[in-house]
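Here, each number is a calculation from the coordinates, and none is a lab measurement. Here the structure is a predicted model, which means the values were calculated and not measured. Please note: Cβ atoms are built from the backbone with ideal geometry, for glycine as well, and neighbour counts cover all protein chains shown.
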Amino acid sequence: MASPPDLDPTATLRFIVNGHSGSQDGEGTREAIESTLKFAGRPSEVIYCQPGELPRVAAKAAKQALAERSAIVAVGGDGTINAVARAAHASGCAMGVIPRGTFNYFARTHGLPLDAAKATAQLLEANPVPVQVGAINEQVFLVNASVGLYPQLLEDREAWKSRFGRNRLVALGAAFATLMRTPNRLKLNIELEGVKREVRTLTLFVGNNRLQLEQLGVQSGEHDGDATDTGRVTAVVLKPIGTLGMLGLMLRGALGSLGDAEGIEHFEFDEMVVKPPRMMQLRRMKVAFDGEVARMKPPLRFRVMPEPLYLLKPGTTAEVAA
């Protein structure tokens, strides 16, 4: 593994703001960031952009940050953080996070403040810490990636949020509506550690976030060290069930006991290949990663990336080195 990037504490920090993320006002967030940095005397550049501009803007900012021994900072929800993380991971520069999403799993897992001013102030004392990154066909994900029912749930959730606003109750209502429809069943061929098998499932979900997996009840909280640095990710397979079974699973998920349900299989791995039936292999599959939905050509390769993302977190130099 490469060494953490060496940072210049006087270099310009570049903040990439997605004003469409979360329920908070984008301009208010920008003011909180700028006032905190002005008080600290730290030079900065706040780049306010639309969602479609994120990949290009993040790649340019990451290149500049690496050359100046600085960092880029994602301001938004999990989707925004993913776009900035892709650029930071590809370039090898350090990255900070100011969470402005609905659930903020990535930030909460790593103990980052949800308040914009506090998160900005903490960045000034932070060090780059290696954080495990997952990938699906080389598409980086920090929280989760999936096929089947879960991508449909995310699309429905975005539709509901555009109508009713961004909050957890709206997300829960959208999930309930999605689960009440008759979902498509998938037949998948899985290759794991040299063993091939066929599974029938409503969704295949791969999690790289301990907090989310603990809340669902498919991973215990008994892990040493960083929240996601285990070298493995967790797959959750939802077997085909009826509407009543779906309601039961939804309740178990809310109570954090999904892992004990009969219709659920879960296991850890570092690399897994997933293929649809031969007749379907020419079609692109709908996939989700960190709240974003796209289509990818199979086979789908889920794995833990060999190189980490360097996340700005509080800690001493010795803790970072360890």
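Values computed for the structure shown
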read-out	value
Hypothetical label at Glu191: residues of the range 282-308 whose amide nitrogen lies under 13 Å (7 Å Cα-Cβ projection)	299-302
Highest-first arrangement of 71-79, 229-237, where packing means the average Cβ count within 10 Å	71-79, 229-237
Difference of contour (0.36 nm per residue) and Cα-Cα distance, Val199 to Arg283	28.3 nm
Förster-model FRET efficiency, 25 Å R0, Arg42 and Asp229, C-beta, rounded to 0.05	0.30
